[in-house]
Structures are given as C-alpha cells and as structure tokens.
1. Among CYS57, ALA295, LEU232, pick out the residue whose Cα is farthest towards the positive end of the charge dipole of the chain, where Lys and Arg carry +1 and Asp and Glu carry -1 on C-beta, about the Cα centre.
2. Where both partners of a DSSP beta bridge lie in the chain, what percent of those bridges are antiparallel, to the nearest 5?
3. Please pull out the direction-averaged projected area of the chain, using the convex hull of its alpha-carbon atoms, in nm² to one decimal place.
4. How big is the dipole moment of the range 99-149 about its Cα centre under a simple scheme where the beta carbon of each Lys and Arg is +1, that of each Asp and Glu is -1, and everything else is neutral? Debye, nearest 20, please.
5. Would you mind working out the magnitude of the charge dipole of the range 1-156 relative to its Cα centre, with +1 at each Lys and Arg C-beta and -1 at each Asp and Glu C-beta, to the nearest 20 Debye?
6. Taking each full run of DSSP H in the chain as one helix, which ones are at least 20 Å long along their axis (Cα atoms) and have mean Kyte-Doolittle hydropathy of at least 0.0?
7. Classify the range 14-167 from the C-alpha gyration tensor, please: rounded if a/c falls under 1.5, else prolate or oblate depending on whether a/b exceeds b/c.
8. Compute the distance in nm between two label points, each set 7 Å from the Cα along the Cα-to-Cβ direction, one at MET1 and one at LYS278.
Amino acid sequence: MKPLQLKLQTLRKELNAAHLERKSVIDGLLATLLASQNALLYGPPGTGKSLILREICSAIADANFFQRLLHKAMSPDEVLGQISLKALEQDIMKRNTNGRLQEAHLAFLDEVFRGNGVLLNSLLELMNERTFDNPDKQQSPLRSIVGATNSIDSGSDLEAFADRFIYRPWIFDLKTPSSTKKLLSWTINGNRPQVSQGLISLAELDQMCAEAQQVKITTGMVDAFTEMIHNLIRDGFVISARRRVKLLQLVQCFAYVQGDEQVYLEHVHELLPQCCWKSKIEEIREIKKLIETAAPIAKKKLADIVKAAQGEVSRLEEKLNDPRLGHTDHVYAADFARTQLSNLSNSLNKVQADLCRNGASQKTKAEADLKAKAQRVSELVEGLY
C-alpha cells in the first residue's frame with residue numbers, strides 16, 4: 001500500500017469510528033471525492049449526512065466547504081453569488097463568487113430537489129465540467145457536490161440534473177441497539193471520537209486522485225463490468241454513456257479507498273447497486289441479482305461448487321441406502337457421482353483467484369472441501385467394484 005493510501009486509511013478509520021454504521025457510505029463519498037464526481041444521499045433527517053461531509057472537508061487542510069438548504073424561492077444569487085452592480089454599469093454580467101459554491105472544494109446542498117428549476121439548471125455546467133461563466137469561462141476548484149433529500153424525485157424535467165449525481169446511497173437510521181447505546185454514551189460523556197483536522201493537504205488529495213487512476217483494471221474486469229451494465233440496460237435501467245464511464249472511474253477510486261491496487265468484482269458488487277437505481281429502493285435488490293447473474297464473485301462461485309459437491313455425496317448416500325436398488329444401480333450411481341465431482345473440480349480450477357481480494361485462500365479452502373467430498377465418495381463405494 002502506498003504512503004498516501006495509508007494516510008487515507010487513517011482518515012477512513014477515524015470517520016468510521018465517529019459515524020456508526022456508515023462504512024460503505026464513507027468509502028463511497030471518499031471515492032466520489034477522489035473521482036471528482038457528485039453524490040446524492042437519500043434518507044431521513046438526523047442521520048448525520050451533513051456532519052460526515054463537514055468532517056471529511058475539515059480533514060483536508062485549507063479546503064473550503066459550502067453548505068445551503070435549498071427551497072423553491074431561492075435564486076441562483078444565493079448559491080452562485082450576487083451580480084456585481086459595478087460590472088452591470090459596463091454591460092458586463094459578473095457575479096461576486098467570494099464564499100459561494102464556485103470557490104468551494106466540497107459542497108453540500110440539503111433538500112436539493114426543493115430548489116427551483118432555474119437554480120438547479122444553473123448548476124449543471126458546474127456539476128459536470130467544474131467550470132462557470134463569469135463572464136469568461138473559469139475553472140472551479142470543486143472536487144465534489146453532495147446533495148441530500150428524503151424523497152425520490154421522479155420528474156422528467158430534472159433528469160439531467162439528477163444524472164449528474166453518480167453515487168446515490170440510502171442512509172438509514174441506526175439499526176442495532178449497540179450503536180444506539182454507543183451514541184447515547186457519547187452524548188452523556190462527551191467523548192465522541194474526533195476526526196483529525198488538516199490530516200491531508202490539497203496537494204496530497206490531488207496526488208491521491210492521480211494514484212487512484214493507476215489502480216489496475218484487467219481486461220476480464222472490463223468484460224465483466226460491461227456484461228453487468230448491459231444486463232441492467234436490458235432489464236430497463238437507463239445508464240447513459242457518460243454515466244457508464246464515470247461508474248468505472250468511481251469503482252477504480254473505490255478500490256483505492258479500500259487500500260487495493262486493482263479493481264475486484266467485490267468493489268463493483270458493493271458500489272453498482274447504489275449508483276444505478278432510479279425511482280424505488282426495491283430496485284437495489286433487483287440490481288444486485290442482475291449483476292450477480294452477470295458476474296458472480298469468486299466467493300459465490302466457490303460456495304456454489306462446494307454446495308453442489310455436498311449434494312452429490314448426499315444423493316449417492318441415499319441411493320446406496322435404498323434397499324430397492326441393486327448392485328448395478330449402486331455402481332451406476334457411484335460412477336455418476338465421481339463424474340460430477342470431477343466436473344466440479346474442473347469448474348473449481350477455472351475460478352480465478354484474483355476475482356476477489358482473498359480469492360486465493362477461499363479457493364484453497366474450497367479445494368480442500370472438494371477433496372474431502374471425493375474421499376467420502378471413495379469410502380462409500382469401497383467394495384462395489
């Protein structure tokens with residue numbers, strides 16, 4: 001693991017200590033930041049959405065944080081800056097961007113879909129290209145815009161705006177009693193874990209972004225990713241060409257955040273369902289099934305092979321103990337079981353160990369399980385031949 005990757009792991013560890021049950025969301029937000037993309041957080045109020053963002057930003061030295069609660073009557077001036085009256089006197093349309101969205105490195109727009117169409121459409125260029133007209137084209141230092149909402153917007157007039165948010169996780173309230181107990185203890189004792197301020201410089205963040213782009217993506221992984229995307233499209237999910245490219249870039253950064261040097265199917269399986277759903281939370285479960293069908297992770301493949309081997313042993317035991325079957329039937333059943341175990345062994349050899357981080361150890365365990373099943377078959381049929 002590279003030195004800056006280790007530094008990122010420190011931030012990741014501190015954030016997870018301070019935000020209970022948010023591990024996957026924290027990884028996703030850090031990946032979004034490294035990929036210079038945008039995220040949209042769904043969930044009820046009081047689940048710590050803005051606090052996570054503020055603490056991520058405070059961990060980056062000299063990073064500017066911009067936050068606004070949007071509403072229908074809000075004008076673009078409140079987000080993008082007031083029009084300069086002096087410039088207007090010279091027929092120049094120029095905004096005072098000091099302290100506004102264009103000068104932030106990380107931004108949080110709460111209740112984002114409550115903003116009116118004029119405001120939201122004025123953000124499109126900034127969200128996608130990180131540029132704005134003032135009046136000449138200027139570059140913004142923005143790394144990521146994160147929106148939040150507690151309802152799903154299904155209006156077609158905001159599709160272009162919603163499509164700019166690549167990562168779209170649901171954030172639920174705390175689920176376990178132990179997490180609630182820990183949160184209450186922090187409140188009573190005032191000992192909530194702190195996230196270090198200024199842990200990472202902006203220059204180091206830029207270097208992390210460059211390193212994340214070097215995370216290896218194998219040809220096989222690209223093939224598997226393509227199969228997943230087209231499975232989703234065939235099932236009615238709309239994934240634009242722009243979104244497909246950004247999804248792969250985000251997966252690459254997600255792997256970097258988790259300390260890996262290449263993209264594994266585990267990363268895609270964890271991230272993709274939170275990016276490709278559109279209007280119903282139930283779609284996330286459907287997406288998980290579709291991508292599992294297109295490219296199951298090695299752990300699932302190995303588990304299926306071991307389960308199938310156990311099934312063959314159980315069926316052979318039943319037939320050998322069936323008094324209605326004769327010697328010939330027993331020999332046929334034994335030969336069939338041996339053939340099936342041989343086929344499963346061949347399937348096991350085709351499972352690539354690099355499909356997941358610990359695929360090699362999982363494959364070794366599966367091989368041992370399969371060997372034990374083969375030995376059991378030999379013991380059962382001893383004396384039949």
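The values are calculated or read from the model by the stated rules, or taken from the named source; none is laboratory data. Everything quoted here is computed from the prediction, not taken from an experiment. As a convention, Cβ positions derive from the backbone with ideal geometry for all residues, glycine included, and neighbour counts pool all protein chains shown. Calculation scope for accessible area: heavy atoms of the full protein, side chains included, ligands and nucleic acids excluded. Shrake-Rupley method; radii C 1.70, N 1.55, O 1.52, S 1.80 Å.
1. Farthest along the dipole direction, towards plus: CYS57.
2. 20 percent
3. 25.4 nm²
4. 80 debye
5. The dipole of the range 1-156 has a size of about 520 debye.
6. Result, helices passing both filters: 219-234, 241-257.
7. prolate
8. So the label points at MET1 and LYS278 sit 3.9 nm apart.
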